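S.K.: Sharing a structure here in structure tokens format.
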Amino acid sequence: MTTFRRLVEEWRLPGLRRVVLAVPQWFPKANIIDCPREAAMAFPHLQQPSFLLASLKADSINKPFAQRCQDLVKVIEDFPAKELHTIFPWLVESIFGSLDGVLVGWNLRCLQGRVNPVEYGIAMEFLDPGGPMMKLVYKLQAEDYKFDFPVSYLPGPVKASIQERVLPDSPLYHNKVQFPPSGGLGLNLALNPFEYYIFFFALSLITQKPLPVSFHVRTSDCAYFILVDRYLSWFLPTEGSVPPPFSSSPGGASPSPAPRTPAMPFASYGLHHTSLLKRHISHQTSVNADPASHEIWRSETLLQVFVEMWLHHYSLEMYQKMQSPHAKLEVLHYRLSVSSALHSPAQPSLQALHAYQESFAPTEEHVLVVRLLLKHLHAFANSLKPEQTSPSAHSHATSPLEEFKRRAAVPRFVQQKLYVFLQHCFGHWPLDASFRAVLEMWLSYLQPWRYAPEKQAQSSDSQPRCVSEKWAPFVQENLLMYTKLFVGFLNRALRTDLVSPKNALMVFRVAKVFAQPNLAEMIQKGEQLFLEPELVIPHRQHRLFPAPTVTGSFLSPWPPAVTDASFKVKSHVYSLEGQDCKYIPMFGPEVRTLVLRLAQLITQAKQTAKSISDQCVESPSGRSFLSWSWLGFCPTDPNGCYPANDLDEMGQDSVRKTDEYLEKALEYLRQIFRLSESQLAQLTLALGNTQDENGKKQLPDCIVGEDGLILTPLGRYQIINGLRRFEIEYQGDSELQPIRSYEIASLVRVLFRLSSAINHRFAGQMVALCSRDDFLGSFCRYHLTEPALANRHLLSPVGRRQASHARGPRLSLRFLGSYRTLLSLLLAFFVASLFRIGPLPCSVLLILVYLLYAMAMTLLTERGKLHQL
């Protein structure tokens, strides 16, 4: 007995969580009982709740993963719920990890079938909605067990509301808040087994630490992503009904908990209400049993948990406060005070506004899972057959799942939280290619017709199909999702490098979606309905615009349908932006100006990509192997460089794709906003991309100030993205330039001393020779003077004043210190040796060839000067 007590005893060591003592080596192996059920039967006095838990914890350390899962399946099958409920919290945490992110559990986010096929198959079978783990959940559900879930790990707005003793709007939390006992710390939620399991499953996406950047995992292939898809397909089926829960006994199925239909109406889910509608937690209402909702309680719970845990990280009330210029100015002052070394404590209101912006940062993996949820919700809500959606179908008896599909429409359920979530992502996501995940999530929500069962196949000519008029109510009830977020995307696109193929693709994707036939007309019609003035009619006076309501159960009495389309649109806008919002029409002059600016940048980016492509093509071919610059006889241009771009690494195929994306995006924008060809042509001319008389690009956009040129925001954008640049040249003595990587440092220094001595010794003779007006004078000027000196400008582009130089003629031998010059000479001597030409004759031959070349260049130079005169 003492040995078994030592076996199950737990120690707490610093930095470790519950390490269990291993079995002593002297303990006879024959006396070790593998099956917990046999141990319980052999030692009835040891049937204590902690024995099974301690045994499983010991196995989790000593046994391999496959064996542990097999043992868990046997335990779930053999043990009663009375003993299983003690291991359930530990088992859930060991699978999904701890809420504080310290324990990773089974690490489902990194488990992939192609990397670990055995572990992947075992985990997916165990956690399948029809697998052993869900069987354990239903087994405990039948006994009505409750498990405590700490409020401190809930999303920020929900946690803040509960801690302020205000009942959250979502019915998911009603009748679950448990006050701590005297001396206890923290609030808890009393959850049933299914809720407890789904809470942990959903939060494991948020609470676990982000994956390292060096660890590449394709989210769509990981076990967690596939489990989300399976749970959605199982509990929110597009065809058929939800499979019934497993039977806890041979006699019948496990009972379902009472639905959360309140006896008296409470603040509607997602409603931006006043303080009078907020009810104190101590006044939680009781629930009434609705037998019709027993069939869908799991579907309702799963959907509410996913939406709350993944999207409800930003408060709608705080978002509306942040829209005012006064609040934005306060946040700016708060950030400045934080960055200052000496600052006074900020006010609580400022800290709250700052916390709204910085508290939660979604990951790309998080966004991809939310997109999966949105796509499935569209398919689920649109899976009703036409006869089920007709008005006459409401009078006939329909199944609870069909009623759930009809009443749990996406705009009424997920719209508010998704809108604030997307607004935060659009405003805070880095300006890089990872924004593609957020973009595709947004575009998936905007196109429910892509997931409707009656969707048509694409035509053979790849023309986009027309959006049916049946989707006009969806567009109108989600007007801000289309218009305000489109403006947010325009502001992001104006600050990104459109020469990058990935950024060009994002602009193309948005333009293509909004250019679908009839969609722009639907959006414009929705804006007209919102901007329609209120008629002074008695029954429409003093109208309030509440948000669409979703009560505790989707089978509760539904409010009468509103046939006024204008009222629906205004209700949608005011519920999300507030009654005093300032709406900017998508087809108004302000947005049209932004679109024209984007069209300008698209044209610029196309020309920049073309110039980079031309440079990449001409660079190898323009430098022949035996060219004079290669031989080192012509000075190299130290300033001849071009700003790097990711196109250089991706090749000509990426350049072609970039040009194609931008060309099509420009065409789609022209279709959406009805831009004429003449307008686009004027934009191209207004950009100033044409070359000046010197054949060089114009300067970045700037204005003249007291101290010189000052860059405008457009000029900064042009410089950052390599669209334009200042003509910065080396203005110093070419002989004193830093030693380059292709030069021999010691040899360059020796040649400089030698040439300096020659120039000092024969300075007078050089001046006399270069002053002659005959061919000899021209020949000496060609070799002893720098032609570029006369045309150089000062570093500052202001005034374009000529630089004054007093340098006379001089000899430069620095070209002999270059690796390629010496290599070229050695190559010439080697080729000459093949023809039995000695070093001395070869040197004479090279000098003669160079003299002929120099004489020809002298004649051409003098002729060019005569033409200039």
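The values are calculated or read from the model by the stated rules, or taken from the named source; none is laboratory data. Not measured: the values here are computed from a predicted model. Reconstructed Cβ throughout: ideal geometry from the backbone, glycine too, with neighbour counts over all protein chains shown. For the accessible areas, the whole protein counts, side chains as well, though only heavy atoms, and no ligand, DNA or RNA atoms are used. Shrake-Rupley method; radii C 1.70, N 1.55, O 1.52, S 1.80 Å.
S.K.: Would you mention how many residues in the range 564-607 are open to solvent by 10 Å² or more (accessible area, probe 1.4 Å), among the hydrophobic types (A, V, I, L, M, F, W, C) and part of a loop (DSSP other than H, G, I, E, B)?
M.R.: 3
S.K.: Scanning for something basic (Lys, Arg) and outside any helix (DSSP H, G or I), does the range 823-840 turn up at least one residue? Step through it out loud before you land on a result.
M.R.: Of the range 823-840, the ones basic (Lys, Arg) are 836.
Within this subset, residues satisfying the condition of being outside any helix (DSSP H, G or I) are 836.
Scanning the range 823-840 turns up at least one residue that is basic (Lys, Arg) and outside any helix (DSSP H, G or I).
S.K.: If only one of VAL102, VAL115, VAL73 is assigned to a helix (DSSP H, G or I) and open to solvent by 40 Å² or more (accessible area, probe 1.4 Å), which one is it? Talk me through it step by step, then tell me what you get.
M.R.: Details: VAL102 fails: assigned to a helix (DSSP H, G or I); VAL115 fails: assigned to a helix (DSSP H, G or I).
Answer to the selection: VAL73.
S.K.: Regarding the range 625-642, can at least one residue be identified that is farther than 20 Å from VAL499 by Cβ, at pLDDT below 50 and among the aliphatic types (A, V, I, L, M)?
M.R.: Start the filter on the range 625-642 by keeping residues that are farther than 20 Å from VAL499 by Cβ, which leaves 625-640.
Now restrict to residues that are at pLDDT below 50: 625-640.
Applying the additional criterion that residues be among the aliphatic types (A, V, I, L, M) yields 626, 631.
Looking for residues that are farther than 20 Å from VAL499 by Cβ, at pLDDT below 50 and among the aliphatic types (A, V, I, L, M), one finds at least one in the range 625-642, hence yes.
S.K.: Could we say that GLU649 is at pLDDT 70 or above, under 33 Å from the mean Cα position of the chain (by Cα) and in a helix (DSSP H, G or I) here?
M.R.: no
S.K.: Here's a follow-up. For the range 200-242, which residues satisfy the criterion of being within 21 Å of PHE404 (Cα to Cα), open to solvent by less than 50 Å² (accessible area, probe 1.4 Å) and part of a loop (DSSP other than H, G, I, E, B)?
M.R.: LEU236, PRO237, VAL242 - these are the residues of the range 200-242 that are within 21 Å of PHE404 (Cα to Cα), open to solvent by less than 50 Å² (accessible area, probe 1.4 Å) and part of a loop (DSSP other than H, G, I, E, B).
S.K.: Filter the range 718-755 for residues that are part of a helix (DSSP H, G or I) and at pLDDT below 75 and give the result.
M.R.: Going residue by residue through the range 718-755, those that are part of a helix (DSSP H, G or I) are 718-720, 734-736, 745-755.
Once the filter is applied, which keeps residues that are part of a helix (DSSP H, G or I) and at pLDDT below 75, the range 718-755 yields only GLN718.
S.K.: Moving to a separate point now. Is the range 432-455 home to any residue that is surrounded by 16 or more Cβ atoms within 10 Å (Cβ to Cβ), outside any helix (DSSP H, G or I) and modelled with pLDDT under 90?
M.R.: There is at least one residue in the range 432-455 that is surrounded by 16 or more Cβ atoms within 10 Å (Cβ to Cβ), outside any helix (DSSP H, G or I) and modelled with pLDDT under 90.
S.K.: Residues of the range 811-847 being under 20 Å from TYR782 (Cβ atoms) and free of Cβ contacts under 8 Å to residues at least 60 places away in the same chain, which ones?
M.R.: LEU811, LEU846, ILE847
S.K.: Scan the range 401-431 residue by residue and report those that are assigned to a helix (DSSP H, G or I), in contact with an Asp or Glu (Cβ under 9 Å, 6 or more places away or on another chain) and either aromatic (Phe, Trp, Tyr) or modelled with pLDDT under 85 (or both).
M.R.: LEU401, PHE404, PRO411, ARG412
S.K.: Conditions: (1) within 22 Å of LEU103 (Cα to Cα); (2) in contact with an Asp or Glu (Cβ under 8 Å, 6 or more places away or on another chain); (3) of a type in the set (S, T, N, Q). ASN192 meets all but one. Number of the miss?
M.R.: (1)
S.K.: Name the residue that is farthest from ARG68 (Cα to Cα), counting only residues in the range 78-92 that are among the charged types (D, E, K, R) and in contact with a helix residue (DSSP H, G or I) (Cβ under 7 Å, 6 or more places away or on another chain). Steps first, please.
M.R.: Residues of the range 78-92 that are among the charged types (D, E, K, R), as a first pass: 78, 82-83.
Going one step further and asking which of them are in contact with a helix residue (DSSP H, G or I) (Cβ under 7 Å, 6 or more places away or on another chain), we end up with 78, 83.
Working: ASP78: 15, GLU83: 18 Å.
Here the residue is GLU83.
S.K.: Restricting attention to the range 657-683, which residues are basic (Lys, Arg) and within 26 Å of the chain's Cα centre (by Cα)?
M.R.: Answer for the range 657-683, where residues must be basic (Lys, Arg) and within 26 Å of the chain's Cα centre (by Cα): LYS657, LYS664.
S.K.: Restricting to the range 493-514, give me the number of residues that are open to solvent by 10 Å² or more (accessible area, probe 1.4 Å) and either hydrophobic (A, V, I, L, M, F, W, C) or in a helix (DSSP H, G or I) (or both).
M.R.: 9
Yes or no, residue by residue, for (1) part of a loop (DSSP other than H, G, I, E, B); (2) within 29 Å of ALA81 (Cβ to Cβ):
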{"position": "LEU140", "(1), (2)": "no, yes"}
{"position": "TYR145", "(1), (2)": "yes, yes"}
{"position": "SER152", "(1), (2)": "no, yes"}
{"position": "PRO157", "(1), (2)": "no, no"}
{"position": "ILE162", "(1), (2)": "no, no"}
{"position": "ASN175", "(1), (2)": "yes, yes"}
{"position": "ILE198", "(1), (2)": "no, yes"}
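S.K.: OK, next. Take the residues in the range 127-169 that are within 30 Å of ASP78 (Cβ to Cβ) and aliphatic (A, V, I, L, M), then tell me which one is surrounded by the fewest Cβ atoms within 10 Å (Cβ to Cβ).
M.R.: Taking the candidates together, the pick is ALA142.
S.K.: If you don't mind, there's one more thing I want to ask. Output the number of the condition that SER94 fails; it satisfies all remaining conditions of (1) touching a residue at least 24 places away in the same chain (Cβ under 8 Å); (2) assigned to a loop (DSSP other than H, G, I, E, B).
M.R.: (2)
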